[in-house]
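Visitor: Let me begin by handing over the structure; questions about it come next.
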Amino acid sequence: MGRDYRRYSFWLETCGDDLTPRPPLDGSTTADVAILGAGFTGLWTAYYLLKRDPSLRVVLLEAEIAGFGASGRNGGWCFSGFPVSPRRLQERYGTEVARSIVLQMYQSVNEVGRVCQEEQIDAHYAKTGALTVARAQHHMRVLEERYEDYRQLGLEQHYALLDANQTEEHLRVSRAVGALLIKEGATIQPARLARGLARTVERLGATLYEQTRVVRLVPGRPARLVTEQGDVTASVVVVAGEAYLVSLPEFRRTLIPLTSHIVLTEQLDQELWQQIGWERREVVGGLGPMAGYLNKTVDGRIAFGAYRSVYPFGSRIRDELDRQEAIFAHARNAACDWFPQLRGKRFTHAWGGVFGVPRDRMPTMSFDPRAGIACGFGYTGQGVATANLTGRVLADLITGTESELTALPMTIHRPRLWEPEPLRWLGITLVRWSLARLERTAEKKGRYPDKPTLAQRIWQA
């Protein structure tokens, strides 16, 4: 009996598809472009390639179904945050390059909305902005520093620092002292976007084989994706499997999978929404041990994702990772801490998934024409808009189009390797424990250390 894909997230359950898998690959075939993975990265890459050249034969291979992974389970944040902070981008690449990356992330948010409208994908897209709420003064100082980082890039008009009263005009969170408003952000129903993109690329001429797991990658001209059902030989192979790439030997130390976990309330009545506010439906985040990433669904529920995660030893991804009951309990408690009105309300859904983290947090968007391999991965949990950028970058690289996108540093990035096991598991576990302790200490003292701790320096390296 096959998987019940609806149970993997509320988004998949309510995406409007019956989720019956498309037929798998049956024997070997050829293509101009073969793509490993039918999540956001693979689908956006296929979309932009086919819009540019409808004659291309594009084949996508997906181990489960389109949108099965992070693309169908994330928090629904389509916002301009990049996995590497603007300050760190400035330090590594200079002001102009950092500014260019941030501007392209703004464009990605708008592009998702444009494509949804043009291709009639009902992904519940609404460009409402993003709020990071401070619930203590030391959190507000962090937000002030973030605003200053964007001001240094000359982009302060896209952001606003809000005091407690101004924050309350957006939503009412217990103990909120202020917020940072990020104007370049949108809310989406991610599985509806992924499934809609899959239908769109098929309409444009792509072939999508589901329940077809790639077991080996063979570079060359042509290159090959090897599966148990046959091979796909292509002039270009696109590697777009994000965290699931760790199952391939070539990527075992390129990424680590970390889990993410979300709980969802029942539909809330109008009286309760009047108490909370949140009429504009911004996506919302916070700082501190009770923080999370939040979304207000179109049917009036609150999705609360906990900023807690698990790293599985040896990067082994299993369904059991999705069910972290202690984290679900923490998330429900944290949601009620943010909104005391939720106490006594039911939480109807809870789900998890994995996202990929590079050692240096920098995404890779590259193409090696000699090997015939293009790569797009490494979003550290900020992949909804970043994957759109990857699709646009890879389309330019693969077609040999020089542009602002092909000059971005992600196109020549070479990921640092993670340490081998058991050092990897020990190091990650110790650093994340130290970071959690740092947050608890800061809550008690009302301030963060003046200088970054060793754990912060290691985790941000």
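Visitor: Of all alpha-carbon pairs in the range 357-430, indicate the percentage at a distance above 16 angstrom. Don't skip to the end; give the middle numbers.
Guide: On the way: 1436 of 2701 pairs.
Every Cα pair in the range 357-430 considered, those over 16 Å come to 53 percent.
Visitor: For Ile256, list long-range residues whose amide hydrogen, built 1.01 Å from N in the peptide plane, is under 5 Å from its own amide hydrogen.
Guide: Those qualifying (amide H under 5 Å, at least 5 residues apart or on another chain) are Val357.
Visitor: Scan the range 288-326 for trypsin sites (Lys or Arg not before Pro) in coil per DSSP, keeping those whose Cβ has at most 14 other Cβ atoms within 10 Å, and list them by number. Could you put the intermediate results ahead of the total?
Guide: Numbers: sites: Lys296, Arg301, Arg308, Arg316, Arg318, Arg323; in loops: Arg301, Arg308, Arg316, Arg318, Arg323.
Here the sparse-neighbourhood loop sites are Arg316, Arg318, Arg323.
Visitor: Picking from Gly446, Leu268, Pro369, whose Cα lies most toward the positive end of the charge dipole for the chain (charges on Cβ: Lys, Arg +1; Asp, Glu -1)?
Guide: Gly446
Visitor: Please compute the Kirkwood hydrodynamic radius over the chain, one decimal place, Å, based on all pairs of different Cα atoms.
Guide: One over the average 1/r among Cα pairs gives 22.5 Å for the chain.
Visitor: Give the order of Arg22, Arg440 when sorted by the count of other beta carbons within 10 angstrom, beginning with the fewest.
Guide: By the 10 Å Cβ count, ascending: Arg440, Arg22.
Visitor: What's the magnitude of the charge dipole for the range 1-156 around its Cα centre, counting Lys and Arg as +1 and Asp and Glu as -1 at the beta-carbon? Answer in Debye, nearest 20.
Guide: Here the size comes out at about 400 debye.
Visitor: Have a look at the DSSP beta bridges in the chain and tell me what percent are antiparallel, nearest 5.
Guide: Just about 70 percent of them are antiparallel.
Visitor: Could you calculate the contour length gain from Lys444 to Asp368, that is, 0.36 nm times the residue separation minus the distance between their Cα atoms, to one decimal place in nm? It would help to have the intermediate numbers written out before the result.
Guide: Working: separation 76, 0.36 × 76 = 27.36 nm, distance 5.05 nm.
This chain segment gains 22.3 nm when fully extended.
Visitor: Taking the Cα centre of the chain as origin, work out the dipole magnitude from +1 charges on Lys and Arg Cβ and -1 charges on Asp and Glu Cβ, in debye rounded to 20.
Guide: Dipole of the chain, to the nearest 20 debye: 1200 debye.
Visitor: Which trypsin sites (Lys or Arg not before Pro) in the range 166-267 pass both tests, a DSSP loop state and at most 14 other beta-carbon atoms within 10 Å?
Guide: Arg175
Visitor: Order these by the 10 Å Cβ neighbour count, fewest first: Leu181, Leu294, Leu264.
Guide: Leu181, Leu264, Leu294
Visitor: Also, I was wondering about something else. Looking at the range 358-416, which trypsin sites (Lys or Arg not before Pro) are in a loop (DSSP not H, G, I, E or B) and have at most 10 other Cβ atoms within 10 Å?
Guide: For trypsin sites (Lys or Arg not before Pro) across the range 358-416 that sit outside H, G, I, E and B with at most 10 neighbouring Cβ atoms in 10 Å, the list reads Arg370.
Visitor: Convert each backbone phi in the range 247-255 into a coupling constant with the Karplus relation 6.51 cos²θ - 1.76 cosθ + 1.60 (shift: θ = phi - 60°), then list the ³J(HN,Hα) values in order as whole Hz, x for Gly and Pro.
Guide: After applying 6.51 cos²θ - 1.76 cosθ + 1.60, I find 6, 8, x, 5, 10, 4, 10, 7, 9 Hz.
Every number in this text was worked out from the coordinates using simple rules, so none of it is lab data. All of these numbers come straight from a predicted model, not from anything done at the bench. Virtual Cβ from ideal backbone geometry, glycine too; neighbours counted across all protein chains shown.
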